[in-house]
1. Considering only residues of the stretch 1-11 that are surrounded by fewer than 20 Cβ atoms within 10 Å (Cβ to Cβ) and not polar (S, T, N, Q), which is nearest to R166 (Cα to Cα)?
2. Out of the stretch 97-133, which residues are of a type in the set (A, V, I, L, M, F, W, C) and under 23 Å from Y26 (Cα atoms)?
3. Name the residue that is nearest to the chain's Cα centre (by Cα), counting only residues in the stretch 130-150 that are acidic (D, E) and buried (at least 18 other Cβ atoms within 10 Å of the Cβ).
4. Looking at the stretch 96-107, can you tell me whether even one residue there is of a type in the set (K, R), surrounded by 15 or more Cβ atoms within 10 Å (Cβ to Cβ) and either at pLDDT 95 or above or within 18 Å of the chain's Cα centre (by Cα) (or both)?
5. Only one of these is closer than 17 Å to R39 by Cα and assigned to a loop (DSSP other than H, G, I, E, B): S95, S139. Name it.
6. I'd like to verify a number: residues in the stretch 12-46 that are of a type outside the set (S, T, Y), part of a loop (DSSP other than H, G, I, E, B), touching a Pro at 6+ places or on another chain (Cβ under 9 Å) and surrounded by 15 or more Cβ atoms within 10 Å (Cβ to Cβ), how many?
7. Any idea which of T119, T100, T114 is free of Cβ contacts under 8 Å to residues at least 40 places away in the same chain, within 27 Å of K44 (Cα to Cα) and of a type outside the set (K, R)?
8. Go through the stretch 110-129 and count every residue that is of a type in the set (D, E, K, R) and surrounded by fewer than 17 Cβ atoms within 10 Å (Cβ to Cβ).
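The values are calculated or read from the model by the stated rules, or taken from the named source; none is laboratory data. If you're wondering where the values come from, they're calculated on a predicted model, not measured in any experiment. Here Cβ is always computed from backbone atoms with ideal geometry, including for glycine, and neighbour counts include all displayed protein chains.
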Amino acid sequence: MVDFCGQTVRGDGMVVSSHADSRKYYFVSVGTDCRLTMRSATVKDKVQFQFRFFLVYSLLRIPPSVETSSPPGSVSDPCNAGSYVQFYDGKDLHSEPLGTPLCGKTIPRPVLSTGNYLTLRLVTRGQQPRVDFVGDFTSFRIGKPEPYFSCHNGKCIPSSLVCDERDIDNCGDGSDQSASPPANCQRDGGRGKCSAPNA
C-alpha cells in the first residue's frame, strides 16, 4: 500500500499488502499518513475489501497531551493513539468514514462500499509502529448481471476472478473457488492453480 500512496487503482480485483516486505518484516515508519483509493471495474459495481492477514498497532503510543491525527468525525480513539487503518465510502478522505479506525491483531470483517469507490487510509502514530497486513479488493454487484459470476451469497463478481491462480475467495463464501458448480474449479496437476473448465 505504501508503494501506491495517494493513487487510485481500478480493476476487477487486486491483492493489497501494507508494504513490499509484508509477512517478512513490519512496516515501522513513524508519521505515515497514506491513502489508497480502490475503484470498481465499472460504474455499476461496488467495492469489497477483505483482510487476510492483519497486524496494526504501536508499541508505544502518543502521550495524551500530544495532538493526534484522528479521523474526521470520530468521537473517541479506539486505537488509543496508536497506528490504525480507516476506510472511507468514496474517492477521498472527505468521504464518509466506514466504521471506526481498525487496529490490533484480529482480522476485521469485510468492508463494502455503497458506490464504486472505497478509500483505505493507513496512519502510523506513536513510537515503534508495527504494521503488516494483506487483503484484497473485489469489484462486485448484487443481482445476476451478465457476464458476471453469481456467488452463492447473492454477490456477483467479474468472471476473471473465478478459479483464479491465487485461490482468493472473492465472493466471501468460497463459491468462486469451489470444485462444485457453478465454478467447477479444477486443480492443475496439484500445483495449486485453478481453471474453470467451461469458462
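1. By that ranking, first place goes to G11.
2. Within the stretch 97-133, the first condition is being of a type in the set (A, V, I, L, M, F, W, C), and the residues that meet it are 98, 102-103, 107, 111-112, 118, 120, 122-123, 131, 133.
Selection gives L102, C103, I107, L120, L122, V123, V131, F133.
3. Result: D136.
4. The answer is no, given that none of the residues of the stretch 96-107 is of a type in the set (K, R), surrounded by 15 or more Cβ atoms within 10 Å (Cβ to Cβ) and either at pLDDT 95 or above or within 18 Å of the chain's Cα centre (by Cα) (or both).
5. When all the criteria are applied, what remains is S95.
6. Here the count works out to 4.
7. One residue alone meets the criteria, T100.
8. Step one: of the stretch 110-129, the residues of a type in the set (D, E, K, R) are 121, 125.
Add one more test, that the residue is surrounded by fewer than 17 Cβ atoms within 10 Å (Cβ to Cβ), and what stays is none.
Qualifying residue count for the region: 0.
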